[in-house]
Amino acid sequence: MIKLIIIAIFLVLYFTIGVVTSAILIIIGLFSKKTRDYIAYYIVKGMFKIILFIAGAKVIVKGRENIPKDEAVLYVGNHRSFFDIVVGYSIIPPRCGFVSKKELKKIFPLRVWMEFMKCLFLDRSSIEAAINMINCGVDRIKNGISMFIFPEGTRGKSDDDMHDFKEGSLKIAKKAKCKIVPIAFNNTSAIFEDQLPKIRKATVCIEFGKPIDIEELSKEDKKSLATYTENIVREMIAKNKDLIKNEL
């Protein structure tokens with residue numbers, strides 16, 4: 001509980017100061033939105049690294065060389081924990097926004113910072129809203145901003161309990177004609193979800209798979225792109241289980 005309390009206090013202080021910082025970033029954005037986005041990214045990245053340090057998490061990173069440095073992509077990963085985003089954002093280069101549920105849009109000042117980070121909000125109750133979100137994601141990728149999505153739609157209960165990837169979630173990549181970078185998270189729930197409400201020291205692994213060029217896939221794999229990507233993620237998760245066990 002002590003770590004949870006410390007992180008909670010840190011977040012309260014961060015968002016309190018963030019109200020002032022966000023105002024400064026808004027002013028900077030009037031002159032250069034790109035500069036504002038980079039500053040916001042490094043502030044958030046620093047915050048996430050501090051949270052991981054407080055939590056005592058050891059992060060093993062694999063496949064860092066598979067992260068494209070000169071093009072925007074769609075990052076696609078399994079979802080196990082709130083810490084997936086914390087771990088992912090502490091590594092992924094700027095600029096990148098993730099697709100989140102619409103409920104987070106109601107939280108101030110979190111919403112402001114998520115908008116700085118180019119995040120998008122998904123309304124699953126409205127087909128029209130979902131289409132608009134996809135089109136916004138396509139525009140951002142075409143403008144050099146990567147996107148990050150969890151195609152399962154909800155968190156799995158264990159590394160073995162990964163839900164099927166939803167085909168519609170990869171329409172951003174299909175319409176933007178960008179590469180997909182599959183990401184596998186292992187053991188992130190051991191930090192928090194496995195023993196709510198406690199936060200415990202844990203070793204986690206994040207692996208970036210080789211970018212998927214949709215145009216190079218067979219007609220069948222293009223048609224079932226979600227399943228194709230899902231199988232790659234499942235293989236990485238299975239492969240990294242022993243790595244986590246050896247670290248425990």
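Here are the numbers for this structure:
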| read-out | value |
| --- | --- |
| Candidates Gly56, Gly29, filtered to the one that is at positive phi and out of contact with any Cys (no Cβ under 9 Å at 6 or more places or on another chain) | Gly56 |
| Qualifying residue in the stretch 134-152 (condition: assigned to a helix (DSSP H, G or I), over 16 Å from Cys96 (Cβ atoms) and under 18 Å from the mean Cα position of the chain (by Cα)) | yes |
| Odd one out for His79 among (1) in a loop (DSSP other than H, G, I, E, B); (2) touching a helix residue (DSSP H, G or I) at 6+ places or on another chain (Cβ under 6 Å); (3) crowded, with 19+ Cβ neighbours inside 10 Å; (4) of a type outside the set (S, T, N, Q) | (2) |
| Failed condition for Asp84, given (1) buried (at least 22 other Cβ atoms within 10 Å of the Cβ); (2) out of contact with any helix residue (DSSP H, G or I) (no Cβ under 8 Å at 6 or more places or on another chain) | (2) |
| Residues being surrounded by 14 or more Cβ atoms within 10 Å (Cβ to Cβ), without any contact (Cβ under 8 Å) to a residue 40 or more places away in the chain and not in a helix (DSSP H, G or I) - total across the stretch 190-245 | 2 |
| Selection status of Lys105, assigned to a loop (DSSP other than H, G, I, E, B) and either surrounded by fewer than 20 Cβ atoms within 10 Å (Cβ to Cβ) or touching a helix residue (DSSP H, G or I) at 6+ places or on another chain (Cβ under 9 Å) (or both) | no |
| Residues of the stretch 153-180 classified as surrounded by 15 or more Cβ atoms within 10 Å (Cβ to Cβ), assigned to a loop (DSSP other than H, G, I, E, B) and free of Cβ contacts under 8 Å to residues at least 60 places away in the same chain, total | 2 |
| Selection within the stretch 92-102 - part of a strand (DSSP E or B) and of a type in the set (A, V, I, L, M, F, W, C) | Cys96, Phe98, Val99 |
| Options Phe31, Phe98, Phe108, Phe48: the member that is more than 25 Å from Val204 (Cα to Cα), aromatic (Phe, Trp, Tyr) and at pLDDT 90 or above | Phe31 |
| The listed residue being of a type outside the set (D, E, K, R), surrounded by fewer than 18 Cβ atoms within 10 Å (Cβ to Cβ), over 21 Å from Phe108 (Cα atoms) and over 20 Å from the mean Cα position of the chain (by Cα), out of Ile2, Ile26 | Ile2 |
| Looking only at the stretch 122-147, and only at residues there that are charged (D, E, K, R) and surrounded by 14 or more Cβ atoms within 10 Å (Cβ to Cβ), the one that is farthest from Val20 (Cα to Cα) | Asp123 |
| Qualifying residue in the stretch 114-121 (condition: buried (at least 21 other Cβ atoms within 10 Å of the Cβ), in contact with a His (Cβ under 7 Å, 6 or more places away or on another chain) and either of a type in the set (Phe, Trp, Tyr) or touching a residue at least 40 places away in the same chain (Cβ under 8 Å) (or both)) | no |
| Sole residue being of a type in the set (Asp, Glu) and in contact with a Gly (Cβ under 6 Å, 6 or more places away or on another chain), chosen from Glu193, Glu215, Glu207, Glu167 | Glu207 |
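Rundown of residues vs (1) farther than 18 Å from Val87 by Cα; (2) without any contact (Cβ under 8 Å) to a residue 24 or more places away in the chain; (3) touching a strand residue (DSSP E or B) at 6+ places or on another chain (Cβ under 7 Å); (4) exposed (fewer than 13 other Cβ atoms within 10 Å of the Cβ), yes/no style:
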| site | (1), (2), (3), (4) |
| --- | --- |
| Phe10 | no, no, no, no |
| Ser22 | yes, no, no, no |
| Arg36 | yes, no, no, no |
| Tyr42 | no, no, no, yes |
| Lys45 | no, no, no, no |
| Lys69 | yes, no, no, yes |
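The values are calculated or read from the model by the stated rules, or taken from the named source; none is laboratory data. Note that the structure is predicted; figures quoted are calculated from it, not measured. Virtual Cβ from ideal backbone geometry, glycine too; neighbours counted across all protein chains shown.
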